[in-house]
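Student: Here it is, the structure, as structure tokens.
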Amino acid sequence: MQNILLNIDAGTIDWSRAQFALTAIYHWLFVPLTLGLALIMGIMETCYYRTKKRFWKDTAKFWQKLFGINFAMGVATGIILEFEFGTNWSNYSWFVGDIFGAPLAVEGILAFFMESTFVAVMFFGWNKVSRGFHLASTWLTGLGATISAWWILVANAWMQYPVGCEFNPDTMRNEMVSFFDVALSPFAVDKFCHTVISSWIIGAVFTVAVSCWYLMKRREQKLAVESIKIGAVVGLIAALGAAATGHKSAQSVGEVQPMKLAAMEALYHGGTDQGLTAVAWVNPCEQPDFLNESEAPLKIEIPYALSFMATNDIHGYVPGINDILNGYTRPDGTQEPSVDEKIERGKQAIATLAEYRKAKKEGADEATLATQLSLLKDNMKYFGYGYIKDKSEVVPNIPINFWAFRIMVGLGCLFILYFAIMLLLVFDIPFLSVLTRRLLATVGLLTETEADSSNITGLPNWHYWVPIVLLPLAYIASESGWLVAEFGRQPWTIQDMLPTWVAVSDLQSSSVIITFFLFLILFTTMLAVEINILLKQIKKGPQS
Amino acid sequence: MTYTFLQQYWWFIVSLLGALLVFLLFVQGANSCMRSLGWTEEGKRLVINSTGRKWEFTFTTLVTFGGAFFASFPLFYSTSFGGAYWLWMIILFTFVLQAVSYEFQNKIGNFLGPRTFQFFLTLNGIMGPLLLGGAVATFFEGSNFLIEKNNMIDPESLVNGQWSSVVISSWANASHGLDALLNPWVLVFGFAVVFLARTLGILYVINNVNDEDIRSRGSVRLLGAAVPFLVLFVAYLVRLILKDGYAVDPVTGVIVMEPMKYLNNLLTMWPVLLVLLVGVVLVLFGIGKTLVSKTYYSGIWPAGIGTVLTVLALLLTAGWNNTAYYPSTADLQSSLTLANSCSSEFTLRTMFYVSFLVPFVLAYIVYCWYKIDAKKIDKAEIQNDDHAY
């Protein structure tokens, strides 16, 4: 067993990883709220457009004001992410830039300009454009943010599951051969649906939390109740959608990143009829001894659930960490080589590539070059393994994956429950609403008087505290999802193709350490300012 | 459509984005002189609200410029961003500060105070154009980097685990890009861009803000920005046409120094020279007419279009006609040319089709800009707009 904290390398590689992680984590504090609020304020402005009621205009403007405060930080942190691919991952930028750069460029042309143009109309155009044009601008702002998410998730999905490309030994890089394979990769579709839909949960929790604060303070009650109605509908649809798309995402991971799935489950030895671990003791600070332990201690599992989650078949085969390290036979009878074999073949690929380039430079004959190219092609699939020194290096951080996955799924289930109850409380749905109130009264969460009323104003304050407490949990769930996605991919920047330590820039670690702390101080200060401004703005209310 | 055509086409697109970015630096330029232009707190708010409705265009163009460079010339992205680390990081840092400054500065709850964010806007207003201008100047002056693609498969590095040795692009000194600022000609060009941005910023505010005090102050400040700009720009232009340039043999890819290469480029590509001259005339016209006429407020348009044309022509001169657009002063043969640094033919062709969307994007930007700016900003609007900065 090795202590994870003691195992962190103080060199350029881990500092570059830390800087990228810092930026991405901060960026993801702002983006989901942008995506979620865009949908909610779009619905509110549509209500205004249809009813022409001043109330809906004021409501939409209030949420747009909060949207604007958050939006600026998302923009600010986003620019760093794009340029960090070049500044900190120089080799990566050349090795796969032919494929990776295209989605970023399309994102800029299609999404960023749409966002930046129409957000200005949304904020400053109320008295300058027609109601219809303004409504279109509000929706286009959200659409721009969503298209932006599409392209950056296409790029991220490609790093998890590289498709539509071929290695060119003459240029020493991977080159795109099918744009549609990259842009419409099933992995990207799953990732996009899961990420964007789960972002709506944050928008919904935020809306309900702010609204409940008003109810607690007995003010802005109409705005609060109507906002809760919209938030509850969006939240329940999103929470259910996140569960469904999460299942699909897990299947994709099982197919193309079995090691990530095994780490998420702390599954040391796999097989058929695998149960999903509900609880187990995995020390958060230490990489477990997966080579010698049969399974994580104190494990309680849901029978067959992992096989179903990964393969849609309760008897499906799921490989464990040791199966992947030592090689295994797939259900279709084909053999997955051991990691040691992959390392050997990767080294052979690198050596052959070096020989090919030398021979070509020296003017070798076509037959010699063709032989070398053929050998290279045979082993190219395992090129990245040539940089691996020991097979244990391909096992990602198990504790982080294990716990982050459970936090995400657990909180996701909690949100389904919460929004279902909230929906039934704010809408008078025949039978179901009464049943819910009675059930809550039975378990003591509502008094008899409260249960007889369909009014959610005037409840005891603790009811209103619930979504306020859930709000940070929604962020934790969302960030946990990214921790699973990115830690589970380690050590690869691009799955099986390029480990992190070959993707870096030639920088002194001191440079990266300085910029890391500069960004840490900057982002933290700005986050504090933003939260303070948001709180004051909420306190001020829509009558500002 | 040949591979060479696609390379030239994408250099044109990147150059156009770069030219639009320099024009849009009017946001930074106006922010850099908001105090002298606005004078009072109310005046400063007018200037900030005027640029605040356009800052996202500048920001987005910078991001798209980076994305387009990444997609079309990834070796530049890899070499310049990874090598000139500090130069780019400082640029990014100031743009991050700018991005939050508008929204945060006058909101209740801003415990750093409005002056902090106004300082950030001024800082970005000076450092942004200076460093971006400096970065553009390195296209002519060269940078201190080395490229060796075989590093990634160097057996010694792999055996020893010396991972820094596997990096393809490396900077040949420890300053990581700040060394560019030691070259006086890089500074001349950088400060020319600072004063150009300031000139454009003043012209923009004169056009966009309906306030007599600001307009009259703008006319005075315009002279103070335009004169140093013209002196620095003309000095660099003379230097450029007289200096040796980095020529590349299109067949062998070998790079050699060629006397007065950039003058040769302009004379060989005479339409580019024409674009440059038209651009310069338009900039001079925009500045000159605003200075002499008290009722002419539209100088930003001829000066802005002129800026786009001038910068476009300069960037085309840097890359077209068999020229190494990102020369290496450490190793001539490491210099980047369109051919040795571009994406594959497939990617360039795919992105060629994507670029057809650009006119559509420009059309809705122009339309929205027109709608928002149809009524000029005045004090009454700022007081009544609950989203005003």
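Student: Taking the stated definitions as given, is A:Ser252 within 14 Å of another protein chain (Cβ to nearest Cβ) and surrounded by fewer than 24 Cβ atoms within 10 Å (Cβ to Cβ)?
Tutor: Criteria not met by A:Ser252.
Student: Here's something else I'd like to know. Would you please list the contacts, defined by Cβ atoms under 9 Å and residues six or more apart or on different chains, that run from a residue in region A:129-147 that is within 10 Å of another protein chain (Cβ to nearest Cβ) and surrounded by 19 or more Cβ atoms within 10 Å (Cβ to Cβ) to a residue that is of a type in the set (Val, Ile, Thr) and not in a helix (DSSP H, G or I)?
Tutor: A:Ser137/A:Val129
Student: Which numbered condition trips up A:Ala38, out of (1) surrounded by fewer than 22 Cβ atoms within 10 Å (Cβ to Cβ); (2) away from chain B (no Cβ under 14 Å); (3) among the small types (Gly, Ala, Ser)?
Tutor: Unmet for A:Ala38, out of (1) surrounded by fewer than 22 Cβ atoms within 10 Å (Cβ to Cβ); (2) away from chain B (no Cβ under 14 Å); (3) among the small types (Gly, Ala, Ser): (1).
Student: Would you mention how many residues in region B:328-384 are of a type in the set (D, E, K, R) and either within 23 Å of the chain's Cα centre (by Cα) or assigned to a helix (DSSP H, G or I) (or both)?
Tutor: Of the residues in that region, 6 qualify.
Condition check ((1) closer than 30 Å to A:Val256 by Cβ; (2) among the polar types (S, T, N, Q); (3) within 22 Å of the chain's Cα centre (by Cα)) across all residues:
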position	(1), (2), (3)
A:Thr457	no, yes, no
A:Pro460	no, no, no
A:Ala477	yes, no, yes
A:Leu483	yes, no, yes
A:Glu486	yes, no, yes
A:Leu507	no, no, no
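Per-residue answers, yes or no, for (1) of a type in the set (Lys, Arg); (2) more than 13 Å from chain A (Cβ to nearest Cβ); (3) closer than 20 Å to B:Ser72 by Cα:
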| site | (1), (2), (3) |
| --- | --- |
| B:Leu314 | no, yes, yes |
| B:Ala318 | no, yes, yes |
| B:Val358 | no, no, yes |
| B:Lys371 | yes, no, no |
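Student: May I pose another question? Looking only at region A:421-437, filter to residues that are of a type in the set (A, V, I, L, M, F, W, C) and in contact with a Leu (Cβ under 6 Å, 6 or more places away or on another chain); which one of those is nearest to A:Ala485 (Cα to Cα)?
Tutor: A:Leu423
Student: A follow-up question, please. Those residues that are aliphatic (A, V, I, L, M) and either in contact with a Leu (Cβ under 9 Å, 6 or more places away or on another chain) or surrounded by fewer than 24 Cβ atoms within 10 Å (Cβ to Cβ) (or both), I need them from region A:75-111; list them, please.
Tutor: A:Ala76, A:Ile79, A:Ile80, A:Leu81, A:Val96, A:Val106, A:Ile109, A:Leu110, A:Ala111
Student: Let me ask another. Pull out all pairs, ordered by first then second residue, where Cβ-Cβ is under 8 Å, the residues are six or more apart or on different chains, the first lies in region A:480-495 and is over 14 Å from A:Phe383 (Cβ atoms), and the second is basic (Lys, Arg).
Tutor: Partner pairs satisfying both residue conditions: A:Val484/A:Lys260; A:Ala485/A:Lys191; A:Gly488/A:Lys260; A:Arg489/A:Lys260.
Student: Can I ask one more? Hey, among B:Phe120, B:Phe139, which residue is assigned to a helix (DSSP H, G or I) and farther than 23 Å from B:Leu316 by Cα?
Tutor: None of the others qualify; the one that does is B:Phe120.
Student: How do the helices (runs of 4 or more DSSP H) wholly within region B:1-107 filter down when requiring 3 or more residues that are within 9 Å of another protein chain (Cβ to nearest Cβ) and without any contact (Cβ under 8 Å) to a residue 40 or more places away in the chain: which remain?
Tutor: B:55-72, B:85-105
Student: Same structure again: Just name the residue that is modelled with the highest pLDDT out of those in region B:162-188 that are in a helix (DSSP H, G or I) and at the interface with chain A (Cβ under 7 Å from one of its Cβ atoms).
Tutor: The extreme case among them is B:Val166.
Student: Just for helices (runs of 4 or more DSSP H) wholly inside region A:446-544: which have at least 2 residues that are within 14 Å of another protein chain (Cβ to nearest Cβ)?
Tutor: A:500-503, A:509-540
The values are calculated or read from the model by the stated rules, or taken from the named source; none is laboratory data. Quick caveat: nothing in here was measured; it's all calculated off a predicted structure. So basically every Cβ, Gly included, is an ideal-geometry build from the backbone, and we count neighbours across all protein chains shown.
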